[in-house]
Amino acid sequence: MALKDDLYSEVSQIFKEPWTVEKTQGVPDPDQLRLYNHAKDLERATVLYADLNGSTSMVDNHDWHFSAEVYKAYLRCAARIIAAEGGIVTAYDGDRIMAVFTGNIKNTSAVRAAMKINHAVVKIIRPAIRAQYPNKIFELNHVVGVDTSQLRAARIGVRGYNDLVWIGRAANYAAKLTTLPGKSLWITKAVYEAMNEDVKYSSDRKAMWERRSWSAMNNLDIYCSDWLYSV
């Protein structure tokens with residue numbers, strides 16, 4: 001059978017086949033899902049996206065090994081912090097990382113992870129770059145987005161080349177928040193209202209977050225910050 005015929009048959013099967021959906025409390029492993037229309041349903045989960053800002057300019061204007069070192073340093077710090085806060089890294093996509101948090105304090109944990117990643121950038125990675133490359137003109141910037149919603153996971157691809165795809169508002173909004181300018185940390189109102197006060201206010205009761213209106217998303221209330229949470 002020709003490739004075109006295979007594709008017609010497989011696409012038709014995808015749209016005709018009924019879905020098997022199973023409830024789950026945690027982040028599923030890929031091998032817990034099958035390649036046919038099978039999904040895991042997380043009734044509520046929180047997604048964190050952390051993204052380097054200006055990586056295209058970095059690659060265009062600096063040696064490849066310097067860019068590789070920046071990628072490795074940022075993603076290593078982000079992954080270690082996410083794991084320490086109970087999140088599960090679900091994807092690396094070039095210069096960004098996606099993680100899913102579940103459980104009773106998922107919003108607080110995700111936001112604290114975001115603030116710790118910001119701390120790592122400001123207090124660990126930037127000084128390390130300046131120490132190793134004192135004559136290089138470069139400032140590492142990044143953006144982290146966090147949202148929470150119902151989330152479903154499905155397995156996509158073909159045998160031998162497949163991965164999980166995450167379907168739900170949180171996966172899309174968290175990624176889109178990383179495109180917003182001006183601040184390093186962006187969260188939705190749903191996250192802000194659910195998180196604990198230790199990531200809303202400093203020890204002297206200063207507000208850590210500023211409310212903004214997200215014009216591209218029907219003026220949805222969102223919150224932004226540049227605060228650090230010590231690692």
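Remarks
- Scalar couplings 3J(HN,Hα) for region 176-188, obtained by applying the Karplus form with A = 6.51, B = -1.76, C = 1.60 to θ = phi - 60°, are 5, 4, 6, 8, 7, x, x, 9, 8, 10, 9, 9, 7 Hz; x denotes Gly and Pro.
- Close amide H contacts of Y36 (hydrogens built in the peptide plane, cut-off under 5 Å, sequence separation of 5 or more or a different chain): none are found.
- Here the label points at Q150 and V231, each 7 Å from Cα along the C-beta direction, are separated by 3.8 nm in the simple model.
- On a per residue basis, the chain carries 56 Å² of accessible surface, using protein heavy atoms and a 1.4 Å probe.
- Working from the Cα coordinates of region 35-156, the gyration tensor eigenvalues give, after taking √(5λ), semi-axes of 31, 17, 10 Å in decreasing order.
- For region 151-190, the convex hull spanned by the alpha carbon atoms encloses 79 Å³ per residue.
- Taking a ≥ b ≥ c as the square roots of the eigenvalues of the Cα gyration tensor, an a/c ratio of 1.5 or more together with a/b larger than b/c marks region 97-180 as prolate.
- With a Förster radius of 30 Å applied to the C-beta separation of R211 and N172, the computed FRET efficiency comes to 0.90.
- Distances between placed amide hydrogens fall under 5 Å for D147 paired with V47, A174, all partners being 5 or more residues away or on another chain.
- Scanning residues 5 or more positions from N53 or on other chains, those with amide H under 5 Å from its amide H are N141, H142, V143, with H placed 1.01 Å from N in the peptide plane.
- Gain upon complete extension [S12, N219; 0.36 nm per residue less C-alpha separation]: 70.7 nm
- Longest to shortest principal axis, alpha-carbon extents of region 70-133, angstrom: 43, 22, 12
- Per-residue Karplus couplings for region 104-116, computed as 6.51 cos²θ - 1.76 cosθ + 1.60 with θ equal to phi - 60°, are listed in order as 6, 10, 4, 6, 4, 5, 5, 5, 5, 4, 4, 5, 6 Hz, Gly and Pro entered as x.
- Averaging the Cα positions of each part gives two centres, and for region 75-116 and region 143-199 these lie 10 Å apart.
- Overall, the anisotropy analysis places the chain in the oblate class: the square-rooted eigenvalues a ≥ b ≥ c of its C-alpha gyration tensor yield a/c not less than 1.5, with a/b not exceeding b/c.
- Estimated vicinal HN-Hα couplings, Hz - region 129-145 in sequence order (Karplus 6.51, -1.76, 1.60; Gly, Pro = x): 5, 5, 5, 7, 10, x, 9, 8, 8, 7, 10, 6, 10, 7, 9, 10, x
- Working from label points 7 Å from Cα in the Cα-to-Cβ sense, the Y161 to W19 distance is 2.6 nm.
- Over 24 Å (Cα to Cα) - which of K40/K106; K116/K183; K23/K106; K123/K189 fall in this group: K123/K189
- Accessible surface of the chain, 1.4 Å probe, proportion on carbon and sulfur as whole %: 50
The values are calculated or read from the model by the stated rules, or taken from the named source; none is laboratory data. Just so we're clear, the structure is a prediction, and the values are computed from it rather than from any experiment. Backbone-built Cβ (ideal geometry, glycine too); neighbour counts: all protein chains shown. Each accessible area value is taken on the protein alone, full model and side chains, heavy atoms only, with ligands, DNA and RNA left out. Shrake-Rupley method; radii C 1.70, N 1.55, O 1.52, S 1.80 Å.
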